[in-house]
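Pasting in a structure now, in structure tokens, and then I'll have a few things to ask.
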Amino acid sequence: MSLINLSNISKHYEMGTQVVKALDGIDIGVEQNEYLAFIGSSGSGKSTMLNILGCLDTPTSGQYRLNDKVVENLDQNALSEIRNQEIGFIFQSFNLLPRANALANVMQPLIYRSIGLKERKRRAMQSLERVGLADRVDHLPNQLSGGQRQRVAIARALVTQPSILLADEPTGNLDSKTTIEIMRLFDELHSEGQTLIIVTHEDEIAAHCQRIVEMKDGKIHSDSAVGLAKDSH
């Protein structure tokens, strides 16, 4: 059974008298431990795809199975629980709490799981160590570099041990040197068994992935295995 299965997924928006087909009959499966990039120009449907995959939005029609759960008809509370249990999000703008230190930011998703403070701290520390920030746990976001902030965001995404990591333009706010470091970290996480889905418009970022799905006008234009099973893995 695929980790993700989308069957005839459409998402339509009404704009005045017009109907915009942001997604138009998408069929796709994603297996565990895949490393996949959705690419496409602005308006291609890749951001809508990310929102559907991340249970941030629901499709107009079609079926979405995530880890064998049918999720397209769930209410907001149930979707919120799925997000907390199954999905780790990484955003271009980091989305960190500005007045919370790195440790508190990473602990945040665990609050919704009724886990005691001591265990939350232990897991958050472990997650920060994994991304190389054990010496920055007390720093506020404005005391960290862009790359360090993105690492905190990755640690926060990992702390719930999600089935999938969804990254939306994860290096969009980073310089080229920091981008290389963050993508190296993603490569390592994939080699450790993590399923990773990246939405990007940058070919160099997509080149790290082993499967590239190009979107155009709300449809899948191409879906190719890149075959970059890197020797370093």
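The values are calculated or read from the model by the stated rules, or taken from the named source; none is laboratory data. A quick note: this is a predicted structure, and the numbers were derived from the prediction, not measured. Cβ: placed from backbone, ideal geometry, glycine included. Neighbour counts: every protein chain shown.
Out of the stretch 56-75, which residues are assigned to a loop (DSSP other than H, G, I, E, B), out of contact with any Ser or Thr (no Cβ under 8 Å at 6 or more places or on another chain), over 16 Å from ILE26 (Cα atoms) and not aliphatic (A, V, I, L, M)?
Across the stretch 56-75, the qualifying residues are ASP68, ASP75.
Right, something else. So TYR112 ticks every box in (1) at pLDDT 90 or above; (2) closer than 25 Å to THR195 by Cα but one. Which box is left unticked?
Condition (1) is where TYR112 drops out.
Let me ask something else about it. Run ASP187 past the list (1) among the charged types (D, E, K, R); (2) closer than 14 Å to PHE91 by Cα; (3) touching a Lys or Arg at 6+ places or on another chain (Cβ under 8 Å) and report the number of the one that doesn't hold.
Result: ASP187 passes all but (2).
To keep it simple, each residue is scored yes or no on (1) surrounded by 19 or more Cβ atoms within 10 Å (Cβ to Cβ); (2) in contact with a Lys or Arg (Cβ under 7 Å, 6 or more places away or on another chain).
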{"residue": "ASP168", "(1), (2)": "yes, no"}
{"residue": "ALA206", "(1), (2)": "yes, no"}
{"residue": "MET215", "(1), (2)": "yes, yes"}
{"residue": "SER222", "(1), (2)": "no, no"}
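Looking at the stretch 186-204 only, could you name the residues that are of a type in the set (A, V, I, L, M) and either surrounded by fewer than 18 Cβ atoms within 10 Å (Cβ to Cβ) or in contact with a Gly (Cβ under 7 Å, 6 or more places away or on another chain) (or both)?
If the condition is that a residue be of a type in the set (A, V, I, L, M) and either surrounded by fewer than 18 Cβ atoms within 10 Å (Cβ to Cβ) or in contact with a Gly (Cβ under 7 Å, 6 or more places away or on another chain) (or both), then no residue fits.
Give the stretch 110-122 a look and list any residue that's surrounded by fewer than 19 Cβ atoms within 10 Å (Cβ to Cβ) and in contact (Cβ under 8 Å) with a residue 12 or more places away in the chain, or say none.
Once the filter is applied, which keeps residues that are surrounded by fewer than 19 Cβ atoms within 10 Å (Cβ to Cβ) and in contact (Cβ under 8 Å) with a residue 12 or more places away in the chain, the stretch 110-122 yields TYR112, ARG113, LYS121.
Just give me the residues in the stretch 41-51 being surrounded by fewer than 22 Cβ atoms within 10 Å (Cβ to Cβ) and within 24 Å of LEU189 (Cα to Cα), in sequence order.
Residues satisfying the conditions are SER47, LEU50, ASN51.
Follow-up. State all residues of the stretch 25-52 that are more than 19 Å from SER224 (Cβ to Cβ) and either outside any loop (DSSP other than H, G, I, E, B) or of a type in the set (Val, Ile, Thr) (or both); if no residue qualifies, say none.
Hits for the stretch 25-52 are GLY25, SER47, THR48, LEU50, ASN51, ILE52.
While we're on this one: Filtering the stretch 120-164 down to residues that are of a type in the set (Asp, Glu) and in a helix (DSSP H, G or I), which residue is nearest to the chain's Cα centre (by Cα)?
Among those residues, the one meeting the criterion is GLU129.
May I ask you to verify whether ILE82 is of a type in the set (Val, Ile, Thr) and part of a helix (DSSP H, G or I)? Outline the logic, then answer.
Working: of a type in the set (Val, Ile, Thr): yes; part of a helix (DSSP H, G or I): yes.
Considered against the rule, which asks whether it is of a type in the set (Val, Ile, Thr) and part of a helix (DSSP H, G or I), ILE82 comes out as yes.
Every residue, every condition in (1) small (Gly, Ala, Ser); (2) closer than 29 Å to ALA207 by Cα; (3) exposed (fewer than 15 other Cβ atoms within 10 Å of the Cβ); (4) modelled with pLDDT of 95 or more, yes or no:
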{"residue": "ILE26", "(1), (2), (3), (4)": "no, yes, no, yes"}
{"residue": "ILE39", "(1), (2), (3), (4)": "no, yes, no, yes"}
{"residue": "LEU53", "(1), (2), (3), (4)": "no, yes, no, yes"}
{"residue": "THR58", "(1), (2), (3), (4)": "no, no, no, no"}
{"residue": "GLY62", "(1), (2), (3), (4)": "yes, no, no, yes"}
{"residue": "ALA78", "(1), (2), (3), (4)": "yes, no, yes, no"}
{"residue": "ILE82", "(1), (2), (3), (4)": "no, no, no, no"}
{"residue": "GLU86", "(1), (2), (3), (4)": "no, yes, no, no"}
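Quickly run through the stretch 187-201 and pick out the residues that are touching a residue at least 40 places away in the same chain (Cβ under 8 Å) and at negative phi.
Passing the criteria: ASP187, HIS190, SER191, GLN194, THR195, LEU196, ILE197, ILE198, VAL199, THR200, HIS201.
Same structure, new question: Just one of (1) in a helix (DSSP H, G or I); (2) over 17 Å from GLN92 (Cβ atoms) trips up GLU181, so point out which.
So GLU181 meets the others, but not (2).
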